[in-house]
Amino acid sequence: MPQHAAVQVNTPGHRYDIVIARGALADPVSWQGLPPASQAVIVTNTTLAPLYAAALQQALAPHYRRVSVLSLPDGEAHKTWETLNLIFDHLLGAGCDRKTVLFALGGGVVGDMTGFAAACYMRGVPFVQVPTTLLAQVDSSVGGKTAINHPLGKNMIGAFYQPVRVVCDLATLDTLPARELAAGLAEVIKYGPIADAAFLDWIEAHLDALLARDPAALSYAVGRSCEIKAWVVGQDERESGLRAILNFGHTFGHAIEAGLGYGQWLHGEAVGCGMLMASDLSARLGLMPAAFVERMRTLLQRAGLPVRAPAIGIDRFVELMRIDKKAQDGEIRFVLIEALGRAGVRPAPDALVRAVIAGHSEPA
Ligand code: NAD
Ligand code: GLY
């Protein structure tokens, strides 16, 4: 077990470490004790491969007879069946057996697709998440949600499938574009209102340090975010209740992503704007004071995130929100803030939802 493991995920059927350290990729301790296999496959993309694939391949070499690298096309637009099939083509072509370990080296797109491939290949092979974006380190690599997109809905085809380890090398964030860092901060900010009011205070106080990629600030933000996510997933692995709070801002956000076409706005950007809209809905329902909405707006703006939704049209926006895994019998349900640090999932009157969309969208 790595000595610098910071957080543990415990679900009824699974237990694994989230290793969080600067330099974790090159540290042999990060890779000790994984399931034995003769082959490992690093699944990454054309942007990440030249940056980190060789280092990971070298770190894994002592543990496997063969470590191959598969480089996928980069981007949310490629989170599709066609790209998933490239993974299966590689695994079958390389003669990978059911013990082969997959390593997802990249952001949430690579992580979600590799995890889904691992869940399906020969009915399941082990996989390790090696997240390289802030968003993936604080959210998508933890908890076992894997998926690809369908043209009619984001992340609609997938499986719950836990990794056997998550290895976050904070040094990989050095090469992350500023826009991607901001998108990851949206998911960090999310944990404050839904689960930890003191963390929201901390983020406000340390936002400049986070934007400047201060190692200590990033380390605390990733660690605390992973602790909260592990706590939620540990209680509700399959989202039968509590886990839905992790989707704060996502109902509005998914409509923005789908309405514009995947990849136009980054996932974290859409979630950030969606959190502002969900905060406003919480206030209009009398759950939170109006000052909370302004607090969220200020923080999101400081993080460099967009706070006005694009002009999608209110009817289309509502229609897109119905294609949401939280919807029940066609009724849209929202993650709303009930008190600072506590969230719940509820429906909301259509007129209020439309007022929120109108109030936070660019004019058509
Ligand atoms: P991403 O995977 O598209 O990565 C963002 C961009 O940054 C890509 O171009 C990537 O190549 C590049 N990149 C990644 N790491 C880099 C680095 N260290 N240096 C330079 N460039 C780097 O986007 P993302 O924001 O990481 O993930 C978004 C995806 O995650 C969405 O598909 C979303 O649905 C999914 N997601 C899943 C969960 C979950 O629980 N499974 C949670 C949240 C989001
Ligand atoms: N990102 C939401 C979840 O993991 O449930």
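The values are calculated or read from the model by the stated rules, or taken from the named source; none is laboratory data. No experiment lies behind these values; they were computed from the predicted model shown. Glycine also receives a Cβ, built like all others from the backbone with ideal geometry; neighbour counts cover every protein chain displayed.
Structure values in brief
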{"quantity": "Search result, residues across segment 222-250 that are in contact with a helix residue (DSSP H, G or I) (Cβ under 7 Å, 6 or more places away or on another chain), within 12 Å of ligand 2 (Cβ to nearest atom) and under 27 Å from residue 307 (Cβ atoms)", "calculated": "225, 226, 228, 229, 232, 243, 245, 246, 248, 249, 250"}
{"quantity": "Residue selected from segment 41-58 under the condition touching a helix residue (DSSP H, G or I) at 6+ places or on another chain (Cβ under 8 Å) and within 16 Å of ligand 1 (Cβ to nearest atom), by the criterion farthest from residue 88 (Cα to Cα)", "calculated": "51"}
{"quantity": "Members of segment 81-136 that are charged (D, E, K, R) and surrounded by fewer than 19 Cβ atoms within 10 Å (Cβ to Cβ)", "calculated": "82, 89, 97, 98, 99, 123"}
{"quantity": "Flag if residue 171 is of a type outside the set (S, T, N, Q), within 10 Å of ligand 1 (Cβ to nearest atom) and under 15 Å from the mean Cα position of the chain (by Cα)", "calculated": "no"}
{"quantity": "Within segment 213-222, considering residues that are surrounded by fewer than 18 Cβ atoms within 10 Å (Cβ to Cβ) and of a type in the set (Gly, Ala, Ser), the one farthest from ligand 1 (Cβ to nearest atom)", "calculated": "216"}
{"quantity": "Per-region count, segment 148-159, residues modelled with pLDDT of 95 or more and within 18 Å of residue 236 (Cβ to Cβ)", "calculated": "2"}
{"quantity": "Matching residues, segment 184-210, being touching a strand residue (DSSP E or B) at 6+ places or on another chain (Cβ under 7 Å) and away from ligand 1 (no atom under 16 Å from the Cβ)", "calculated": "193"}
{"quantity": "When residues of segment 242-299 are limited to those that are over 20 Å from residue 354 (Cα atoms) and hydroxyl-bearing (Ser, Thr, Tyr), the one modelled with the highest pLDDT", "calculated": "298"}
{"quantity": "Residues satisfying the stated conditions in segment 167-188, i.e. within 16 Å of ligand 2 (Cβ to nearest atom) and either without any contact (Cβ under 8 Å) to a residue 40 or more places away in the chain or in contact with a helix residue (DSSP H, G or I) (Cβ under 6 Å, 6 or more places away or on another chain) (or both)", "calculated": "168, 183, 184, 186, 187, 188"}
{"quantity": "Output for segment 213-232, where each listed residue is within 14 Å of residue 192 (Cβ to Cβ) and of a type in the set (D, E, K, R)", "calculated": "224, 227, 229"}
{"quantity": "Some residue of segment 92-108 being in a helix (DSSP H, G or I), charged (D, E, K, R) and either touching a helix residue (DSSP H, G or I) at 6+ places or on another chain (Cβ under 6 Å) or within 15 Å of ligand 2 (Cβ to nearest atom) (or both)", "calculated": "no"}
{"quantity": "Residue check, residue 236 of a type in the set (D, E, K, R) and farther than 17 Å from residue 14 by Cα", "calculated": "no"}
{"quantity": "Helices (runs of 4 or more DSSP H) enclosed by segment 211-307 - at least 3 residues per element that are out of contact with any strand residue (DSSP E or B) (no Cβ under 9 Å at 6 or more places or on another chain)", "calculated": "215-235, 267-284, 290-302"}
{"quantity": "Test result for residue 181, surrounded by 20 or more Cβ atoms within 10 Å (Cβ to Cβ), near ligand 1 (Cβ under 10 Å from one of its atoms) and assigned to a helix (DSSP H, G or I)", "calculated": "yes"}
{"quantity": "Conditions (1) within 12 Å of ligand 2 (Cβ to nearest atom); (2) in contact with a helix residue (DSSP H, G or I) (Cβ under 6 Å, 6 or more places away or on another chain); (3) small (Gly, Ala, Ser): number failed by residue 117", "calculated": "(1)"}
{"quantity": "Qualifying position, being more than 20 Å from residue 112 (Cα to Cα), within 16 Å of ligand 2 (Cβ to nearest atom) and of a type in the set (Val, Ile, Thr), among 194, 148", "calculated": "194"}
